[in-house]
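**Student:** Questions regarding the structure given below will be posed in turn.
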Amino acid sequence: MVTTSYPRFPGDGIGSFIEPIAKGVAALGHEVHLVAPWHPAITRGREEDGVFFHFFRYAPIPSLNVFGYASGLRADTDVRLAAWAVAPVALAAGWFKAWRVATKRRATIMHAHWVIPGGVMAAAAARDLPLVISLHGSDVFVAERHPIIGAAARRVFSRAGAVTACSDDLHRRAVALGADEARTETVPYGVDTGRFAPDAGVRAQVRESLGVGDAPLVLAGGRLVSKKGFEYLIDAVGTLVHSHPRLQLLIAGDGDLGDALRARAAGLPVQFLGNQTQDAVARFAAAVDVIAVPSIRDDAGNVDGLPNFALEALASATPVVATRAGGLPQAITDGDNGLLVPERDPAALTAAIARLLASPGRARDLGARARARVAHDHSWAHTAERMAAAYARARGHVSV
């Protein structure tokens, strides 16, 4: 596997979905070697649960470690100047490491996460190996906006024997960009229903630590970037406090729009929690009354595929209010396992959250059905099986 993000330490939220894919494939009996950029926060050893790590260095000074780990994009919409500057060296280092590992370990499959830049490194290193590309969202968006990057993506797609996308929206956009429809399929993410689960004891502990008692709590999470739509949720809270004066909004995550969002929330009961581990996010999810996923297609056209946070929210059995952006309607059916509202609509968010706060029984029913559905449809074991099936298809289509 070639990737530009992977949880740098246990519980890290960066690239969190890559870890269960890699370990799930290893659990099926495959020997998995993962090639990724080095990062100063990495604490991984040589091997974990059948996944062998191979981190490559590319930057002579720490400030240039901007390749991967969600640091190469500015507000998730454009490539940072430093990332452009370091890209040639990083791509070369990644290609060489992937080629060396594949050769030494006698790899039989090359699996790249993100068509750009992971697919470029993997395609160059694969030689005559079958190539699988997995798409996660920002890679397709950047390729759509930049002609040179788009051309590179099309070249990688032409080489791939199988392409997976985490949502139908991303699937369609990849085909429009040049992926072969016959070799492209939607493979949704899974969710850890053991970590993200209802727990009355955790709920009481977290609320006590926050000092909020039984006040209404709303949680949102993700990088503080435009496509997450947090500004509309903050505006909704500005209305909700008139009818629920003790209500508080918790936002877990960090990003380039942090200062702007904090300024927008000035004077409102909004707590910015910063980056949190997966375990901490799970505890907050179990403690709140409503989880909001206000994603949008931003002004640049970027949109989430299927946010991990949404699946984690559903697994927690806490009622979810989300928009119809990207792949969210694939996981949430309005009125059945959550509530869906239009994008960029604070009034609709306000009404949906207020409806759940006013009807605890209805909220519990939605949460229970949400957890049951993700447990059935979104297991990481099933995702790994789908990836292994993609490997088998790719072995039947090898083009150099």
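**Student:** Take PHE196 and decide whether it is within 23 Å of LYS23 (Cβ to Cβ) and aromatic (Phe, Trp, Tyr).
**Tutor:** Considered against the rule, which asks whether it is within 23 Å of LYS23 (Cβ to Cβ) and aromatic (Phe, Trp, Tyr), PHE196 comes out as yes.
**Student:** Out of curiosity, is THR277 surrounded by fewer than 19 Cβ atoms within 10 Å (Cβ to Cβ), under 26 Å from ALA204 (Cα atoms) and touching a residue at least 60 places away in the same chain (Cβ under 8 Å)?
**Tutor:** Considered against the rule, which asks whether it is surrounded by fewer than 19 Cβ atoms within 10 Å (Cβ to Cβ), under 26 Å from ALA204 (Cα atoms) and touching a residue at least 60 places away in the same chain (Cβ under 8 Å), THR277 comes out as yes.
**Student:** Quick check, is GLY361 surrounded by fewer than 18 Cβ atoms within 10 Å (Cβ to Cβ) and at pLDDT 95 or above?
**Tutor:** Spelling it out, GLY361 is indeed surrounded by fewer than 18 Cβ atoms within 10 Å (Cβ to Cβ) and at pLDDT 95 or above.
**Student:** Looking only at region 348-369, filter to residues that are in contact with a strand residue (DSSP E or B) (Cβ under 9 Å, 6 or more places away or on another chain) and in contact (Cβ under 8 Å) with a residue 40 or more places away in the chain; which one of those is nearest to ARG283 (Cα to Cα)?
**Tutor:** GLY367
**Student:** Quick one: in region 1-14, of everything that is surrounded by 20 or more Cβ atoms within 10 Å (Cβ to Cβ) and not charged (D, E, K, R), which residue is farthest from HIS113 (Cα to Cα)?
**Tutor:** This residue is GLY13.
**Student:** If ASP128 satisfies every condition in (1) closer than 20 Å to CYS166 by Cβ; (2) in contact (Cβ under 8 Å) with a residue 60 or more places away in the chain but one, which is the exception?
**Tutor:** It fails just one condition, (1).
**Student:** Return only the number of the condition from (1) surrounded by fewer than 18 Cβ atoms within 10 Å (Cβ to Cβ); (2) modelled with pLDDT of 95 or more; (3) not in a loop (DSSP other than H, G, I, E, B) that ARG246 does not satisfy.
**Tutor:** (3)
**Student:** Regarding LEU261, is this residue assigned to a helix (DSSP H, G or I), farther than 18 Å from ASP289 by Cα, touching a helix residue (DSSP H, G or I) at 6+ places or on another chain (Cβ under 9 Å) and of a type in the set (A, V, I, L, M, F, W, C)?
**Tutor:** yes
**Student:** To continue, here is another question. Spot the failing condition for PHE52; the list is (1) over 27 Å from GLY258 (Cα atoms); (2) part of a loop (DSSP other than H, G, I, E, B); (3) modelled with pLDDT of 90 or more, and only one is missed.
**Tutor:** Tallying (1) over 27 Å from GLY258 (Cα atoms); (2) part of a loop (DSSP other than H, G, I, E, B); (3) modelled with pLDDT of 90 or more, PHE52 fails exactly one: (2).
**Student:** Could you check region 1-28 and list, in sequence order, the residues that are farther than 25 Å from LEU91 by Cβ and hydrophobic (A, V, I, L, M, F, W, C)?
**Tutor:** Within region 1-28, PHE9, ALA26, ALA27, LEU28 meet the criteria.
**Student:** Would you kindly identify the helices (runs of 4 or more DSSP H) lying entirely within region 145-234 that contain at least 1 residues that are of a type in the set (Ser, Thr, Tyr)?
**Tutor:** 147-159, 200-210
**Student:** Could you give me the residue pairs with C-beta distances under 8 Å whose first residue belongs to region 93-121 and is modelled with pLDDT under 95, whose second residue is part of a helix (DSSP H, G or I) and surrounded by fewer than 24 Cβ atoms within 10 Å (Cβ to Cβ) wherever it lies, and which are 6+ apart or on separate chains?
**Tutor:** If the second residue must be part of a helix (DSSP H, G or I) and surrounded by fewer than 24 Cβ atoms within 10 Å (Cβ to Cβ), the pairs left are ILE116/VAL142; ILE116/ILE149; ILE116/ALA152; PRO117/ALA87; PRO117/LEU91.
**Student:** Residues in region 239-248: is at least one closer than 29 Å to ALA41 by Cβ and touching a strand residue (DSSP E or B) at 6+ places or on another chain (Cβ under 7 Å)?
**Tutor:** Looking through region 239-248, none of the residues is closer than 29 Å to ALA41 by Cβ and touching a strand residue (DSSP E or B) at 6+ places or on another chain (Cβ under 7 Å).
**Student:** In region 23-45, how many residues are surrounded by fewer than 23 Cβ atoms within 10 Å (Cβ to Cβ) and either of a type in the set (Ser, Thr, Tyr) or part of a helix (DSSP H, G or I) (or both)?
**Tutor:** So the count comes out to 4.
The values are calculated or read from the model by the stated rules, or taken from the named source; none is laboratory data. Bear in mind the structure is a predicted one, so any value in this text is a computation, not a measurement. Cβ coordinates were reconstructed from backbone atoms using ideal geometry, including for glycine residues, and neighbour counts include every protein chain displayed.
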